[in-house]
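Read the figures in this text as sums done on the coordinates, not as results from a lab. All values derive from a computational prediction rather than experimental measurement. All Cβ positions, even for glycine, are placed from backbone atoms using ideal geometry, and neighbour counts span all protein chains on display.
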Amino acid sequence: MTISFDDIASEPLDFDRDFFHRLAKTDLHVHLDGSMRLETIMELAESDGIDLGVSTIDQLQEKIGPGQRYKSLNEYLKGFETVLKVLQTDHSLYRSAYELAEDAARENIGYMEVRYSPILHTRRKLSLAAILESVLSALRDAERDFGVRSGVIVCGIRNISPAVSLRLAELAVAFKNRGVVGFDLAGSEYNYPAKDHLAAFSLILSNNVNVTIHAGEAYGPDSIHQALHYCGAHRIGHGTRLRENGDLLNYVNDHRVPLEMCLSSNVQTCAVNDFEEHPFRFYLDLGLRVTVNTDNRLITNTTMTDEYVLAHKYFELSPRDLLDLVMNGVKSAFIPHELKRDFIKRIKEQTKKQLVAFAEKSRRQSEPDA
Ligand SMILES: [Zn+2]
C-alpha cells in the first residue's frame, strides 16, 4: 500500500538530527558579522595585524562567548565588537560571506538572505559600495561552487543616526536587482523607534525595495505596529512579543506577514525566559507564517539544523507543522514570484517525499518481527 502525505500529516514522529540536516532549508534571517567561523576570525586577525587581546582560539571563544546568555539585546550586541575588528577589509568581507554560504550549503540550505550593515565596516575607509561588492561577489562565487542561492539585505541601525540609514537606503536602492533583495533596521530596539528612520523607508518604499524590520524582540507590539504601518515592512524580524496584542497578531496573520523567528537567539537575549515560554507553538497553531532562522551562527552558536532540532524538542513538530515551516521559508523569500512558484513546487514535493519516507521507515521499525 502506498502511503500519501495526508496519511501521515499528523502522525507523531521521532525526527532525528540527520532528518533535519537532510531537509531542504532556507535561512532568511542571518547576520554576516554574527556568523563567522572562529578560526577565520583568528586567521584574519593574524594576517591583518589586528590585536583581539587573545592569543589562542580557546581564548577567542571565551571572549566571544558563543551561545552565552545575556541580560538584554544590548548586552548581546556588544559581542559583535570583536568580530567587527577583523571585518574591515574587502578580503575579510569576501571570505566571511563565502564561508557562510559554504556552511549553509553543508546543511542543505538552498536559499539564504544574508544581512549586515555596511556602515559598520568603514573603519579602514572602504567605500560603502566596495563593502557591498565584496559580499555580493563572494555570494555569487559561492552559488557557483556550492549551489546556494542567496541575496543581501542591507541593515540600517536603529541606534545610529537616521541620516546614516538614509545613506544605506540609497545604497540598497542602487544595488536593487544586483544582489540586494531588501532593507532592514537592526540594532537596539528599546528607545530607538523605527519611525525615526522614516526618510530611509520612504526612499526604500518609493523604489519598490522589500522591507523587513527587527521588531517585537526587545520592545513590545508597538514596535511591530510601527514597522508595518510607518515603515511598510513586508516581513518582521522575530515578532516574539506580537502575542501581547491580539488585534495586531490577527492583522499579521490575515495579511500573511512572515515572522522570521530565531528561537535560540530569543532565549539568548532574554526576549523570552526559556524555550517553553516562546510563542512559537502558539503562532504555528494560529496559522501565522512562521519561519525558522539562525540569526547568528557564531554568536548564538547555532545552525539551521540545530534550530529545527530545538523546535521539535520543545514544540513536537508534526509532519504537517514541518512542511508548513519549510514552505513558509520558501514563500517568504524575497525573490520574484515566477521563480518562487517553481521553487515552491519543487521543495514541496521533495519535503513531502522525505516526510513520507521517514514515516514509512518509522512504521517498519515499530512493527514486531514476523
Ligand atoms: Zn537579527
Net charge near VAL164: determine it from the other residues with C-beta under 13 Å of the C-beta of VAL164, scoring Lys and Arg +1 and Asp and Glu -1. 0
Starting from the Kirkwood Rh over alpha-carbon pairs, what translational D in µm² s⁻¹ does the stretch 156-208 have by Stokes-Einstein at 4 °C and 1.567 mPa s? 117 µm²/s
Computed P(r) (all Cα pairs; the stretch 217-288; 10 Å bins; percent): 21, 58, 21, 0
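Taking Cα pairs under 8 Å and at least six residues apart, what relative contact order does the chain come out at, in percent?
Reported relative contact order: 21 percent.
How many percent of the alpha carbon pairs in the chain exceed a separation of 36 Å?
19 percent
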For the chain, modelled as a Gaussian network with Cα springs under 10 Å, which listed residue fluctuates most, HIS255, HIS21, HIS238? HIS255
Please determine, in degrees from 0 to 90 and to the nearest 10, the orientation of helix 319-331 with respect to the longest principal axis defined by the Cα atoms of the chain, where the helix direction is its Cα long axis. 30 degrees
Please arrange ILE50, ILE41, ILE157 by counting, for each residue, the other beta carbons lying within 10 Å of its beta carbon, fewest first. ILE50, ILE157, ILE41
From the P(r) of the stretch 2-117, could you give the percentage of C-alpha pairs in the tail past 23 Å? 45 percent
Cα long-axis angle, helix 128-146 against the chain (0 to 90 degrees, to the nearest 10): 30 degrees
The stretch 193-234: relative contact order as a whole-number percent, Cα under 8 Å and 6+ apart: 51 percent
Please state the charge dipole magnitude for the chain, taken about the Cα centre, from unit charges on C-beta atoms (+1 on K and R, -1 on D and E), reported in debye and rounded to the nearest 20. 1040 debye
Angle between the Cα long axis of helix 90-106 and the longest principal axis of the chain, 0 to 90 degrees, nearest 10? 0 degrees
Net charge within 12 Å of PHE15 by Cβ-Cβ distance, Lys/Arg positive one each and Asp/Glu negative one each, not counting PHE15 itself? -2
